[in-house]
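A short worksheet on the structure shown next.
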């Protein structure tokens, strides 16, 4: 709409300029025509009167000449004729209408025309024909006629020009407004609406612009662009969904790998309560127990069965594939669950796992508990496998400010950190930069996939955090997980 208005204004300026120039030239042409016509008429009068004027001077002198001028002035209706003196001694009756300074130096015997505007505003066109009769005083035959007809014609021409300009302006406004809105305004509005839809993510609704001009070509190009963008977007969405599905499968596989390692420990862990259940059930089945002893044995069976159910359920919960969902969770509780889950393999490896520092009670972090438990189980598993047996593992959770090269501008952020430190064999300086790379492992073939730390790193990154590792051969390794928090803890 703004562009259409600009076009209308520009068109009006051009039209008004052309009509105005045309009117001005027309008025000027008519003015020139009137002046040429009056000059020619005065010239014809001079050609007729001059010989008779000289004869009257010769025969009757100055008085006869003045009488002659008075007589022909009475006979001429259109042109006013007077005899005027050009010197300073002329009285009111013989003083020229034109200002004296405009008549200075007039050549004799030659017609000179001067337009004059009187004090009352009336216009006169005066012509002077200076004549010298030999008495030393210079006079002139003055012929003048009113410019009212010329002024009236000029005024009529100006009015006609203004009316024509107004009519052209009105016609131009209507025409350009209609054409501008139809040919420019509406197509541009449709294109603008389409670009706004594209900005909002709507790519499938085409813009329709009729015709074959540049705007229609632009609309076609925009539709083609949107089709290609939509195709690319769908391909990206498919690839992203496939990538997410592949990542979830890898993470689930990693959990199942951990479950497999825990299986033998769980079997050993279930052995003791199963023996208790079998023994107590045998006593009851023997029928030699009193009512109180039967009750005690039944309660023992119930207690051990509940314990076994908890062990199996804990393992199933860890292995189950779930939809990622971040909620406010207690990190201490998640770490405790992970340690309980790993208890069988901790006992099998004769390891010592201790929590040296905990977050204050009530502090929560926005995480996916299942995914973060997978991270902690991977770190704890790596620590337990860092030595053949007897490894000591220390876990600490803290709060404070931290920064990482993975953050934009290395900005410091308020975080909680979870460190897992072992006194195992450590990682060499050559291998240390590659520990988070997929499929990188220092273990023998068949003992590790090299995906655990890579998957853990990806999970932490998705939570907006980062991981670090510090290790020395023969001394041990420390993995740290940093999770940002949005509020001051």
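The table for this structure:
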read-out: Residue in the stretch 280-293 that is on the phi > 0 side of the Ramachandran plot and modelled with pLDDT under 75 present; value: yes
read-out: Options 181, 138, 147; residue that is in contact with a helix residue (DSSP H, G or I) (Cβ under 8 Å, 6 or more places away or on another chain) and closer than 30 Å to residue 77 by Cβ; value: 147
read-out: Tally, over the stretch 127-160, of residues that are surrounded by 15 or more Cβ atoms within 10 Å (Cβ to Cβ) and assigned to a helix (DSSP H, G or I); value: 5
read-out: Hits in the stretch 210-219 (condition: touching a helix residue (DSSP H, G or I) at 6+ places or on another chain (Cβ under 8 Å) and modelled with pLDDT of 80 or more); value: 216, 218, 219
read-out: Residue 96 vs. criteria touching a helix residue (DSSP H, G or I) at 6+ places or on another chain (Cβ under 9 Å), at pLDDT 85 or above and either loosely packed, with under 15 Cβ neighbours inside 10 Å or under 16 Å from residue 144 (Cα atoms) (or both); value: yes
read-out: Residue check, residue 17 under 30 Å from residue 166 (Cα atoms) and modelled with pLDDT of 80 or more; value: yes
read-out: Out of 168, 163, 203, 191, sole residue that is more than 30 Å from residue 34 (Cα to Cα) and in a helix (DSSP H, G or I); value: 191
read-out: Residue identified as under 60 Å from the mean Cα position of the chain (by Cα) and assigned by TED's automatic domain parsing to the domain that holds residue 30 among 87, 92, 156; value: 156
read-out: Test: residue 222 is closer than 22 Å to residue 8 by Cβ, part of a helix (DSSP H, G or I) and modelled with pLDDT of 80 or more; value: no
read-out: Residue 62 assigned by TED's automatic domain parsing to the domain that holds residue 93, at pLDDT 85 or above, farther than 18 Å from residue 164 by Cα and surrounded by 13 or more Cβ atoms within 10 Å (Cβ to Cβ); value: no
read-out: Identity of the residue in the stretch 364-383, surrounded by fewer than 22 Cβ atoms within 10 Å (Cβ to Cβ) and in contact with a strand residue (DSSP E or B) (Cβ under 7 Å, 6 or more places away or on another chain), that ends up modelled with the highest pLDDT; value: 366
read-out: Residue list for the stretch 90-103, filter: touching a strand residue (DSSP E or B) at 6+ places or on another chain (Cβ under 7 Å) and in a loop (DSSP other than H, G, I, E, B); value: 90, 95, 96, 97, 98
read-out: Residue that is more than 23 Å from residue 145 (Cβ to Cβ) and at pLDDT 85 or above, where the choices are 41, 54; value: 54
read-out: Matching residues in the stretch 68-88 - criterion: being over 19 Å from residue 130 (Cβ atoms), at pLDDT below 85 and outside any loop (DSSP other than H, G, I, E, B); value: 74, 75
read-out: Residue 15 being over 16 Å from residue 144 (Cα atoms) and crowded, with 17+ Cβ neighbours inside 10 Å; value: yes
read-out: Test: residue 187 is within 60 Å of the chain's Cα centre (by Cα) and surrounded by 16 or more Cβ atoms within 10 Å (Cβ to Cβ); value: yes
read-out: Answer from 124, 106, 111 - the residue that is in contact (Cβ under 8 Å) with a residue 40 or more places away in the chain, buried (at least 16 other Cβ atoms within 10 Å of the Cβ) and in contact with a strand residue (DSSP E or B) (Cβ under 9 Å, 6 or more places away or on another chain); value: 111
read-out: Residue tally, condition under 20 Å from residue 56 (Cβ atoms) and out of contact with any helix residue (DSSP H, G or I) (no Cβ under 6 Å at 6 or more places or on another chain), over the stretch 111-135; value: 6
read-out: Of the criteria (1) at pLDDT 85 or above; (2) buried (at least 17 other Cβ atoms within 10 Å of the Cβ); (3) assigned to a helix (DSSP H, G or I), which one residue 461 fails; value: (2)
read-out: Any hit, the stretch 394-414, residues being modelled with pLDDT of 85 or more, not in a strand (DSSP E or B) and not assigned by TED's automatic domain parsing to the domain that holds residue 246; value: no
read-out: Given (1) farther than 14 Å from residue 398 by Cα; (2) in contact with a helix residue (DSSP H, G or I) (Cβ under 6 Å, 6 or more places away or on another chain), number of the condition residue 339 does not satisfy; value: (2)
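The values are calculated or read from the model by the stated rules, or taken from the named source; none is laboratory data. Every value quoted in this text rests on a predicted model; they were computed, and no experiment measured them. Glycine gets a Cβ as well: all are built from the backbone with ideal geometry, and neighbour counts include every protein chain shown.
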